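These notes concern the structure reproduced below.
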Amino acid sequence: MLRRDLFLGLAALGLTACGSTSNRPLGPDGLPLPSAYVIQSGDEAAIQFRMLDSVNALRQTAGAEPVTLDARLNAAAATHARDMAVQNRPWLFGSDGSSPVERARRVGFPGRLLGENISESFESELQTLGAWMAQPDTRAVILDPNARFMGFAWYQEESAKLWWTLNMGSDPAVSQPIAGRGF
């Protein structure tokens, strides 16, 4: 009798664990519908460091040196993320015609800008990183063996649309900035 009660109790516990406590609406396939990724005030540092840790884990797996966040590259990334939202298009050039290299120079980054990744999405930073890693050109920016500094920022619209920008830069002691215009 005790064995049967114990078995029934465990079975009931297992079935309640399978029940959904989420209030998210379900789609026709019975799975929860996707919800927008909304960044709350005060989450900025956590998001930047989560991205930095994830990038460094990927770099370590690829045999590349880790990168550190650079406030100047963060500023260049933030400026461009907001500018893409104003222009309502994801592209590498600013509304003033600036290139990624020019934006890095404007904020006083002393190294060489090695690349810039951008995205327009409703996805989290880690989903965006996954999308970048799936493309050879954006993966090359993240895994560039010469990178020592990273800038990462975003702008989120009221609709929850996110404009992400990631910059990678070299150590100024090793490589000098590229002279002239362009990227």
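The figures follow:
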item	result
Probe 1.4 Å, accessible area per residue of region 81-139, Å²	48
Relative contact order (percent, whole number), region 119-176, Cα cutoff 8 Å, 6+ residue spacing	38
For region 43-174: rounded, prolate or oblate by the Cα gyration tensor [a/c cutoff 1.5]	oblate
Length released on extending from Ala57 to Asp43, taking residue separation times 0.36 nm less the Cα-Cα span	2.9 nm
Peptides 123-135, 60-72 ordered by average Cβ neighbours within 10 Å, highest first	123-135, 60-72
Highest to lowest packing among 47-56, 88-97, 75-84, scored as the average C-beta count within 10 Å	75-84, 47-56, 88-97
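The values are calculated or read from the model by the stated rules, or taken from the named source; none is laboratory data. Given the structure is predicted, the values throughout are model-derived calculations rather than measurements. Positions of Cβ are generated from backbone atoms using ideal geometry, with glycine treated the same way; all protein chains shown enter the neighbour counts. Calculation scope for accessible area: heavy atoms of the full protein, side chains included, ligands and nucleic acids excluded. Shrake-Rupley method; radii C 1.70, N 1.55, O 1.52, S 1.80 Å.
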